[in-house]
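**Q** Could you have a look at this structure, given as structure tokens, before my questions?
The values are calculated or read from the model by the stated rules, or taken from the named source; none is laboratory data. Predicted model, so just to flag it, every value in this text is computed and none were measured. We work out accessible area using only protein heavy atoms, side chains counted, and drop any ligands, DNA or RNA first. Shrake-Rupley method; radii C 1.70, N 1.55, O 1.52, S 1.80 Å.
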Amino acid sequence: MSIRIEFYGIARQRAGVEFFEVEGKTLGDVFDRLQAELPKFSAACLKDGKLQPGYLANVNGQTFTTKRETPLNEGDAVLILSADAGG
């Protein structure tokens, strides 16, 4: 299933791209693909297959989560952003 990953703020700077397409059925699958495909992002934003503290994932602009088991569907968009203080 094709999932669109969109990066915002510091996460975008670390990824070096605005968006990325991956295959996956869960948020964990997405994190694993990002770790394999975007090593600079992975080194700064992922640890042990999970987002580092200070980063959040949002599925389709509705749900904030960092849980690897979060299910995804074909065409979903996962936004990855930093949890900036103040706002």
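**Q** Can you pull the Rg over Rh of the stretch 6-55, Cα-only, Kirkwood? Working shown, then result.
**A** Numbers: Rg = 9.9 Å, Rh = 10.8 Å.
That ratio equals 0.91.
**Q** Then there's this: Expressed as a whole percentage, what fraction of the accessible surface of the chain belongs to carbon and sulfur atoms when a 1.4 Å probe is rolled over the protein heavy atoms? List each step's numbers first, then the result.
**A** Working: 2450 of 4960 Å².
On the chain, the fraction of accessible area on carbon and sulfur atoms equals 49 percent.
**Q** Each residue of the stretch 18-29 in turn: what ³J(HN,Hα) in whole Hz from Karplus with 6.51, -1.76, 1.60 and θ = phi - 60°, glycine and Pro shown as x?
**A** Per-residue couplings from phi come out as 7, 8, 8, 9, 9, 9, x, 10, 9, 4, x, 4 Hz.
**Q** With the Cα gyration tensor of the chain in hand, convert its eigenvalues to equivalent ellipsoid semi-axes via √(5λ) and list them largest first in whole Å. If you can, show how the numbers build up before the last one.
**A** Numbers: eigenvalues 60, 42, 30 Å².
Values for the chain, descending: 17, 14, 12 Å.
**Q** Could you state the accessible area per residue of the chain in Å², with a 1.4 Å probe and every protein chain left in place?
**A** 57 Å²
**Q** In terms of modelled amide H atoms, which long-range or inter-chain residues lie less than 5 Å from the amide H of Thr26?
**A** Residues meeting the criterion, in which the H sits 1.01 Å from N, are Leu72.
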